[in-house]
Amino acid sequence: MRRRIAAGNWKMNMGLEASAELARKVKDFTGSNARSVDIVVCPTFLSLADVAEELEGSGIAVGAQDCYHGSQGAFTGEVNPELIKDAGGAYCIVGHSERRTLMQEADKEVNLKAKALIGAGIVPIICVGETLAERQALDTMNVVRGQVMRAYAGIAPEDAAGTVIAYEPVWAIGTGLNATADDAEAVCKAIRDVIRYIYDGPTADSVRILYGGSVKADNISGLMSEKDIDGALVGGASLKAAEFGKIVQAIAGKCSDEA
Ligand code: PEP
């Protein structure tokens, strides 16, 4: 039985005070679910340490949105996994489609970042997903399988088992469009099959696969009824603590309107 994850990607939003305030609210709205589901929030690098301090003892983890794979040294402007860990980060998103498209991040870098994170004891959340043009060309499975194969190149099975993959169709991110539960499940199952092909059954059964792309309180339940979807990576809706609270509750499997 895989433990589910609810992860919030706060993207490039909020300064120090607003981030700490949102962290306090997330604690209020989701704290009671922290025993049954892994809850992660990913603020900007600048706010990471403050948010980690705010959430200490709550069971809610903090993650970064990116990293650089190099060890400490002459890499102006970059932040490596050791620094993220030192600031209180336990997870790190890599290969988000915004970075792939806006910063030309390639699969090779995603792979280097994932390896560096694993080396530092941080859980990578490896994002994969097809563009609208690729979906329309019926190329979704090829694209996603290729991204997964390249992301895991040279990663040992015992390390792969603890990683997280987020299937985020690019056309669904921040657009209000989202994949149907059936479509999302088909891709998440294909991702698990790739992990089984690269490694073995136990590794495939351990890796947690999230769906991301316009997840909201009113569409999460259908997604969570699917066998290969172990949670969600949430962008816009994670900036509203009450909404995120409802999403967390649905992921934890307790449906209630109280949050
Ligand atoms: C994301 O940025 O990872 C994301 C899924 O965004 P949104 O939920 O806003 O589509």
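Could we say that residue 146 is away from the ligand (no atom under 16 Å from the Cβ), open to solvent by less than 70 Å² (accessible area, probe 1.4 Å) and assigned to a loop (DSSP other than H, G, I, E, B) here? Taking the combined requirement at face value, the residue does not satisfy it.
Filtered by the rule that a residue be within 15 Å of the ligand (Cβ to nearest atom) and over 16 Å from residue 187 (Cβ atoms), region 220-240 gives 220, 234, 235, 236, 237, 238, 239, 240. Among the residues in region 43-54, are any crowded, with 16+ Cβ neighbours inside 10 Å and closer than 28 Å to residue 149 by Cβ? Checked region 43-54: no residue is crowded, with 16+ Cβ neighbours inside 10 Å and closer than 28 Å to residue 149 by Cβ.
The set of residues from region 151-184 being within 16 Å of the ligand (Cβ to nearest atom), of a type in the set (Val, Ile, Thr) and under 17 Å from the mean Cα position of the chain (by Cα) comprises 164, 165, 170, 173. Determine whether residue 187 is within 17 Å of the chain's Cα centre (by Cα), more than 16 Å from the ligand (Cβ to nearest atom) and open to solvent by less than 10 Å² (accessible area, probe 1.4 Å). No. Considering region 45-130, the qualifying strands (runs of 3 or more DSSP E), each wholly inside and each with 1 or more residues that are within 16 Å of the ligand (Cβ to nearest atom), among the hydrophobic types (A, V, I, L, M, F, W, C) and touching a Pro at 6+ places or on another chain (Cβ under 9 Å), run over 60-64, 91-94.
The values are calculated or read from the model by the stated rules, or taken from the named source; none is laboratory data. Keep in mind that what you see is a predicted model, and the values were worked out from it rather than measured. Cβ sites come from the backbone with ideal geometry, for glycine too, and all protein chains shown count toward neighbours. These accessible areas exclude ligands, DNA and RNA; they are computed on the full protein's heavy atoms, side chains included. Shrake-Rupley method; radii C 1.70, N 1.55, O 1.52, S 1.80 Å.
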